[in-house]
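K.L.:
What follows is a single structure, and I will ask about it in a moment.
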Amino acid sequence: MKDTYPVVHIPESVLREQTQQITNPLDRSIQELIPVMFTTMHKAHGVGLAAPQIGINKAIAVIEIKQKRYVLINPVLSSISDEKIIFDEGCLSIPGKEFSIVRSNHVTVRHLDENGKKCKIKTDGLLAIALQHEIDHLNGIVIADRYEQQEQSRELFE
C-alpha cells in the first residue's frame with residue numbers, strides 16, 4: 001500500500017460518481033486505506049478528504065479539525081437545520097479556488113467508524129461544513145456544482 005495517493009482534480013469522472021457503500025469496514029483494504037487518507041489529506045493541507053478525491057469509488061471520508069479525527073464510512077446526513085450559513089470553501093480537487101457555499105449550520109450525520117461501530121455526530125460550524133462537503137463528494141457533487149446551484153440562495157446573504 002502507498003504512503004499517499006495523488007489527489008485527483010476535476011474533471012476526473014470519479015469525482016462525479018455516486019460511491020459504492022462499504023459492506024465490511026474491517027476489510028484489510030479499508031483498514032489500510034484510512035491512515036493513507038489522513039496522510040494524503042495532511043500533505044495536501046486539507047481538513048477533509050473523500051475517497052473519490054484519490055480515485056477510489058468507496059463511501060469513506062476522513063476529517064481532522066482541532067486535532068480531532070473522524071473516519072466516516074457510509075455517512076448519511078440524517079438531519080440538517082433550516083438555519084443556513086455561507087462559508088468560503090476550498091477543495092483539494094479544485095486547487096487554488098474558493099467558492100462561497102451556503103450550508104446548514106447544524107447537522108446530524110450517521111456513519112460507521114473505523115471499527116465498524118454505528119456512530120452519530122451532531123454538530124455545527126466548521127465540522128458541519130466539512131461533513132456536508134465530504135458527503136457531497138461521496139454523492140458525486142463537487143463545490144463548483146454546489147456553487148452553480150446556489151446562485152439564488154447566496155443572494156439572500158448579500
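K.L.:
All but one of (1) at pLDDT below 95; (2) crowded, with 19+ Cβ neighbours inside 10 Å hold for residue 145, so report the exception by its number.
P.N.:
Of the numbered conditions (1) at pLDDT below 95; (2) crowded, with 19+ Cβ neighbours inside 10 Å, the odd one out for residue 145 is (2).
K.L.:
Among the residues that make up segment 52-65, is at least one of them surrounded by 17 or more Cβ atoms within 10 Å (Cβ to Cβ), basic (Lys, Arg) and closer than 21 Å to residue 127 by Cβ?
P.N.:
The answer is no, given that none of the residues of segment 52-65 is surrounded by 17 or more Cβ atoms within 10 Å (Cβ to Cβ), basic (Lys, Arg) and closer than 21 Å to residue 127 by Cβ.
K.L.:
Looking at residue 37, is it modelled with pLDDT of 95 or more and aliphatic (A, V, I, L, M)?
P.N.:
Considered against the rule, which asks whether it is modelled with pLDDT of 95 or more and aliphatic (A, V, I, L, M), residue 37 comes out as yes.
K.L.:
Then there's this: Spot the failing condition for residue 79; the list is (1) surrounded by fewer than 16 Cβ atoms within 10 Å (Cβ to Cβ); (2) part of a loop (DSSP other than H, G, I, E, B), and only one is missed.
P.N.:
(2)
K.L.:
Select from segment 21-38 the residues that are part of a helix (DSSP H, G or I) and touching a helix residue (DSSP H, G or I) at 6+ places or on another chain (Cβ under 9 Å) and write down the one among them that is farthest from residue 58 (Cα to Cα).
P.N.:
Once the filter is applied, the top-ranked residue is 36.
K.L.:
Here is a follow-up. Does residue 4 meet the test of being assigned to a helix (DSSP H, G or I), farther than 23 Å from residue 117 by Cβ and among the β-branched types (Val, Ile, Thr)?
P.N.:
no
K.L.:
For the subset of segment 7-37 comprising residues that are β-branched (Val, Ile, Thr) and touching an Asp or Glu at 6+ places or on another chain (Cβ under 9 Å), which member is nearest to residue 116 (Cα to Cα)?
P.N.:
Filtering first and then ranking leaves 30.
K.L.:
Taking residue 11, is it assigned to a loop (DSSP other than H, G, I, E, B) and modelled with pLDDT under 95?
P.N.:
Answer is yes for this residue.
K.L.:
Find all pairs meeting these conditions: Cβ atoms under 8 angstrom apart; at least six residues apart or on different chains; first residue within segment 67-80 and at pLDDT 95 or above; second residue outside any strand (DSSP E or B) and exposed (fewer than 13 other Cβ atoms within 10 Å of the Cβ).
P.N.:
74/21
K.L.:
Mind telling me which of the residues 142, 109, 62 ends up being of a type outside the set (Asp, Glu), under 23 Å from residue 31 (Cα atoms), in contact (Cβ under 8 Å) with a residue 24 or more places away in the chain and touching a Cys at 6+ places or on another chain (Cβ under 9 Å)?
P.N.:
109
K.L.:
Conditions first: (1) under 21 Å from residue 51 (Cβ atoms); (2) polar (S, T, N, Q); (3) more than 14 Å from the chain's Cα centre (by Cα). Residue 132 passes all but one, so which condition is the exception?
P.N.:
Every condition holds for residue 132 apart from (3).
K.L.:
Could you run through segment 45-70 and say how many residues are among the small types (Gly, Ala, Ser) and part of a helix (DSSP H, G or I)?
P.N.:
Within segment 45-70, residues that are among the small types (Gly, Ala, Ser) and part of a helix (DSSP H, G or I) number 1.
The values are calculated or read from the model by the stated rules, or taken from the named source; none is laboratory data. Because the structure is predicted, anything quoted here is derived from the model rather than measured. With ideal geometry, Cβ positions are generated from the backbone for all residues, glycine too; neighbour counts draw on all protein chains shown.
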